[in-house]
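Note sheet for the following structure.
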Amino acid sequence: MSLFKKYKEVIYLKNKEEIELMRHSNLLVGETIATLAAMLRPGITTSQLDLTAGQFIRDNGGVPSFLNYNGYPYNTCISVNDAVVHGFPDNRELKPGDIISIDCGVFKNGFHGDSAYTFAIKDADADALAMMRVTKESLYKGIEKARAGNRIGDVAFAVQDYAERQHPYGVVRELVGHGIGRKMHEDPQVPNYGKRGTGAKLQAGMTIAIEPMVNLGKKEVYTDEDGWTIRTKDGKVAAHYEHSVAVQKDKADILSSFASIEAAEKANTHLESAYY
């Protein structure tokens, strides 16, 4: 989830024990999304997915971070096709070729976890699949720069350079990644665009959610009538991938995981998985 209100910047550093607690929360996020990945098929509704996510999180000792966050009424954000993020789960049935982004948060043992992944139901457009691959790769380009001594702008530039300069896609400006920890959204903000050498200096113990939101077409977006769902202005599809990471001296420690998600994606014959 990417909505963030800017207050006076206060950055909380986490010790090793706190980082391990955050890892547990983030791994539960991954297992939740993997559970939903196994269910994805034409005919299923996103409301069914959301209800399953809420039950799975609670059955495993967590609380859905998104539910009632600033009034958000669901356990997950499930955004389909031209919806970039914050999509409301509903009773519309998924169709062949749909692009579905699932964003999920878990609160457990005093800390939040946050991750997102985009899926494609079989017969998806080749251009959409290429955009998904680049968005996912741009996430790791950003993570490579999330080490102590660098700045937020180095992370942001890496994402934008790969998705928007090396490839012909639109990086959303209105939404950003964020710090994460005892609160769902902490400082600093983590944009997906920017200049190298600018922004807050990264320190060991900082925990941040890096989450490229990339459009197949232009970067411009608008907010739907529900007040939450963010859609592409040109109606083209979008993708969203997210990892929560702990900044360390030499490299970022990725606290969330795509391993079980990717395994479920490959095992589900209704989903495209060869795009990456």
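The values are calculated or read from the model by the stated rules, or taken from the named source; none is laboratory data. Remember, it's a predicted structure, so these values are computed and weren't measured experimentally. Using ideal geometry, Cβ is built from the backbone for each residue, glycine included, and neighbour counts are taken over all protein chains shown. Note: areas computed on protein heavy atoms with side chains; ligands, DNA, RNA excluded. Shrake-Rupley method; radii C 1.70, N 1.55, O 1.52, S 1.80 Å.
Numbers below:
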read-out: Residue within the stretch 224-240 that is touching a strand residue (DSSP E or B) at 6+ places or on another chain (Cβ under 9 Å), open to solvent by less than 50 Å² (accessible area, probe 1.4 Å), over 25 Å from E186 (Cα atoms) and part of a loop (DSSP other than H, G, I, E, B) present; value: yes
read-out: Some residue of the stretch 117-126 being open to solvent by less than 10 Å² (accessible area, probe 1.4 Å), within 24 Å of K219 (Cα to Cα) and among the polar types (S, T, N, Q); value: yes
read-out: Selection count, the stretch 61-87, where residues are open to solvent by 30 Å² or more (accessible area, probe 1.4 Å) and free of Cβ contacts under 8 Å to residues at least 40 places away in the same chain; value: 5
read-out: Filter result for the condition that a residue is open to solvent by less than 10 Å² (accessible area, probe 1.4 Å), more than 30 Å from G71 (Cβ to Cβ) and not in a strand (DSSP E or B), over V159, V134, V155; value: V134
read-out: Odd one out for T269 among (1) part of a helix (DSSP H, G or I); (2) among the β-branched types (V, I, T); (3) open to solvent by 50 Å² or more (accessible area, probe 1.4 Å); value: (1)
read-out: Residue ID - farthest from V159 (Cα to Cα), chosen from residues in the stretch 186-211 that are polar (S, T, N, Q), in a loop (DSSP other than H, G, I, E, B) and open to solvent by 10 Å² or more (accessible area, probe 1.4 Å); value: Q203
read-out: In the stretch 1-46, residue modelled with the lowest pLDDT [restricted to those that are in a loop (DSSP other than H, G, I, E, B) and of a type in the set (A, V, I, L, M, F, W, C)]; value: F4
